[in-house]
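Engineer: I have a structure I would like to understand better, so I am pasting it below and will then ask my questions one at a time.
The values are calculated or read from the model by the stated rules, or taken from the named source; none is laboratory data. Remember, predicted model here, so these are calculated numbers, not experimental data. Glycine also receives a Cβ, built like all others from the backbone with ideal geometry; neighbour counts cover every protein chain displayed. In case anyone asks, the SASA skips ligands and DNA or RNA and just uses the protein heavy atoms, side chains included. Shrake-Rupley method; radii C 1.70, N 1.55, O 1.52, S 1.80 Å.
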Amino acid sequence: MVSDDVGDTHEYSLLSHPAGMDVSTSGLVTWSPVDTDIGTHSISIEVVDNHGFSTEQSFSLEVLNVNEAP
(Lines give C-alpha, C1' and ligand atoms only; values in the text may rest on other atoms or scores of the structure.)
Protein backbone atom coordinates (compact mmCIF):
# COMPACT_ATOMS: atom_id res chain seq x y z
CA MET A 1 0.00 0.00 0.00
CA VAL A 2 1.27 3.42 -0.92
CA SER A 3 0.55 6.55 1.10
CA ASP A 4 0.91 9.76 -0.86
CA ASP A 5 -0.73 13.11 -1.54
CA VAL A 6 -4.47 13.03 -2.18
CA GLY A 7 -5.18 12.82 -5.89
CA ASP A 8 -1.87 11.27 -6.91
CA THR A 9 -2.04 8.23 -9.15
CA HIS A 10 0.32 5.27 -8.92
CA GLU A 11 1.58 2.71 -11.41
CA TYR A 12 2.86 -0.62 -10.10
CA SER A 13 5.36 -2.84 -11.92
CA LEU A 14 6.93 -6.20 -11.18
CA LEU A 15 10.63 -5.79 -11.95
CA SER A 16 11.67 -9.30 -10.91
CA HIS A 17 9.18 -12.11 -10.41
CA PRO A 18 8.35 -15.74 -11.17
CA ALA A 19 6.31 -16.58 -14.26
CA GLY A 20 2.59 -16.04 -13.79
CA MET A 21 2.86 -13.47 -11.00
CA ASP A 22 0.88 -10.27 -11.58
CA VAL A 23 0.32 -6.91 -9.88
CA SER A 24 -2.97 -5.04 -10.19
CA THR A 25 -3.50 -1.32 -10.67
CA SER A 26 -4.10 -1.10 -6.90
CA GLY A 27 -0.81 -2.88 -6.09
CA LEU A 28 -2.28 -6.27 -5.18
CA VAL A 29 0.17 -9.04 -6.08
CA THR A 30 -1.36 -12.37 -7.13
CA TRP A 31 0.19 -15.70 -8.04
CA SER A 32 -0.86 -19.34 -7.97
CA PRO A 33 2.34 -21.39 -7.75
CA VAL A 34 2.47 -24.98 -9.00
CA ASP A 35 4.80 -27.88 -8.14
CA THR A 36 7.50 -26.64 -10.53
CA ASP A 37 7.62 -23.35 -8.55
CA ILE A 38 8.85 -24.99 -5.33
CA GLY A 39 11.85 -23.06 -4.04
CA THR A 40 12.83 -19.48 -3.27
CA HIS A 41 11.93 -16.64 -5.63
CA SER A 42 13.28 -13.07 -5.68
CA ILE A 43 10.61 -10.43 -6.20
CA SER A 44 10.97 -6.69 -6.83
CA ILE A 45 8.04 -4.29 -7.11
CA GLU A 46 8.24 -0.66 -8.20
CA VAL A 47 5.63 2.06 -7.78
CA VAL A 48 5.76 5.37 -9.66
CA ASP A 49 3.44 8.30 -8.97
CA ASN A 50 2.14 10.79 -11.51
CA HIS A 51 5.00 13.18 -10.62
CA GLY A 52 7.65 10.63 -11.58
CA PHE A 53 8.70 9.80 -8.02
CA SER A 54 9.32 6.10 -7.47
CA THR A 55 10.27 3.54 -4.89
CA GLU A 56 11.13 -0.14 -5.05
CA GLN A 57 10.59 -3.01 -2.62
CA SER A 58 12.43 -6.34 -2.95
CA PHE A 59 11.88 -9.54 -1.01
CA SER A 60 12.19 -13.32 -1.24
CA LEU A 61 9.24 -15.68 -1.27
CA GLU A 62 9.62 -19.40 -0.55
CA VAL A 63 7.19 -21.91 -2.03
CA LEU A 64 7.06 -25.11 0.02
CA ASN A 65 6.08 -28.58 -1.10
CA VAL A 66 2.86 -29.92 0.45
CA ASN A 67 1.37 -33.39 0.68
CA GLU A 68 -1.25 -33.95 -1.99
CA ALA A 69 -3.82 -36.72 -2.09
CA PRO A 70 -2.89 -39.48 -4.56
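Engineer: Rounded to a whole number, what % of the accessible area of the chain do carbon and sulfur atoms account for, probe 1.4 Å?
Structural biologist: 51 percent
Engineer: Taking the Cα centre of the chain as the origin and placing charges on Cβ (Lys, Arg +1; Asp, Glu -1), which of ALA19, VAL63, ILE43 is farthest toward the positive end of the dipole?
Structural biologist: Of ALA19, VAL63, ILE43, it is VAL63.
Engineer: In whole angstrom, note down how far apart the Cα centers of the range 46-61 and the range 7-36 are.
Structural biologist: 12 Å
Engineer: Using Cα pairs closer than 8 Å and at least 6 residues apart in sequence, work out the relative contact order for the chain, in percent.
Structural biologist: 31 percent
Engineer: Probe 1.4 Å, all protein chains in place: accessible area of GLU46 in Å², nearest 10?
Structural biologist: Accessible surface of GLU46 is approximately 50 Å².
Engineer: Follow-up. With Rg and Dmax of the Cα atoms in Å defined as stated, name the option among (i) 13.3, 35; (ii) 15.2, 54; (iii) 11.7, 38 computed from the structure displayed.
Structural biologist: Looking at Rg and Dmax of the Cα atoms in Å for this model, the match is (ii).
Engineer: Accessible area per residue of the chain at 1.4 Å probe, in Å²?
Structural biologist: Here the residues of the chain average 76 Å² of exposed surface.
Engineer: Sorting HIS51, HIS41, HIS17 by accessible area (1.4 Å probe), largest first, what list results?
Structural biologist: Correct descending sequence by accessible area is HIS51, HIS17, HIS41.
Engineer: Tell me, what is the 1.4 Å probe accessible area of SER54, in Å² to the nearest 10?
Structural biologist: Its heavy atoms expose roughly 80 Å² to the probe.
Engineer: Mind checking the full-extension length gain between HIS51 and VAL66? Use 0.36 nm per residue of separation minus the Cα-Cα distance, one decimal, nm.
Structural biologist: Using 0.36 nm per residue and subtracting the Cα-Cα distance, I get 0.9 nm.
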